[in-house]
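Worksheet: the structure to be examined is printed underneath.
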Amino acid sequence: MKIHQLSLFLENKAGQMTGPCALLAEAGINILTLTLADTQQFGILRLIVKDWQKAKEVLEKAGYVVNVTEVVAIEVDDRPGGMKEILDVIDKHGINIEYVYAFTFKRGTKAILIFRFENPDYAVQCLQADGVNVVGSVELYNHDETH
């Protein structure tokens, strides 16, 4: 139920996101979702793609340092209080959130959020035990093909 995410360090200056995005486009790899965080010295581009192994290879061949991390996709009711309900479950189990960002599509009345947890296996176990729908990579990747 975990998903592989690619993280690249980029110089914090104009135009740095274009290179990796262009390389992936040329390789026929669709970016399903991404986030960019910055500091004064560098940025971290985080990507989720269907064929993460191929994307990693393409990016590394071009000289990028690519880290692979496991993240968890969770369905959240897309209404006031939906996020709080998920956070209540996470807090109940003492799970540390390192960061979170939104996925680019919804499933009916549910939004999909990507969470990076300190201990993703424990987080998945606790969330599922409390009835939270953890979305698998097959569901996310197949959505990309049908929409």
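The values are calculated or read from the model by the stated rules, or taken from the named source; none is laboratory data. Keep in mind the model is a prediction, meaning the values are calculated, not measured. A quick note on method: Cβ atoms are made from the backbone with ideal geometry, for glycine too, and the neighbour counts reach across all protein chains shown.
Which residues, taken from segment 8-49, are closer than 30 Å to Gln125 by Cβ and surrounded by fewer than 17 Cβ atoms within 10 Å (Cβ to Cβ)? Hits for segment 8-49 are Thr35, Ala37, Ile44. As a summary of the residue check, Glu60 satisfies the conditions (1) touching a helix residue (DSSP H, G or I) at 6+ places or on another chain (Cβ under 6 Å); (2) without any contact (Cβ under 8 Å) to a residue 24 or more places away in the chain except for the one numbered (1).
Taking segment 25-43, which residues are in a loop (DSSP other than H, G, I, E, B) and aliphatic (A, V, I, L, M)? Within segment 25-43, Ala27, Ile29 qualify. Within the set Ala22, Ala14, the sole residue that is out of contact with any Asp or Glu (no Cβ under 9 Å at 6 or more places or on another chain) and either outside any loop (DSSP other than H, G, I, E, B) or within 17 Å of Lys61 (Cα to Cα) (or both) turns out to be Ala22.
Residue-level analysis places Ile95 among those that are surrounded by 13 or more Cβ atoms within 10 Å (Cβ to Cβ), part of a loop (DSSP other than H, G, I, E, B), touching a Cys at 6+ places or on another chain (Cβ under 9 Å) and modelled with pLDDT of 90 or more. If you go through segment 35-55 and keep only what is farther than 30 Å from Ala129 by Cα and among the polar types (S, T, N, Q), you end up with Thr39, Gln40, Gln41, Gln53. A residue that is over 19 Å from the mean Cα position of the chain (by Cα), under 30 Å from Ala129 (Cα atoms) and in the same structural domain as Phe117 (by TED's automatic domain parsing) cannot be found anywhere in segment 56-78.
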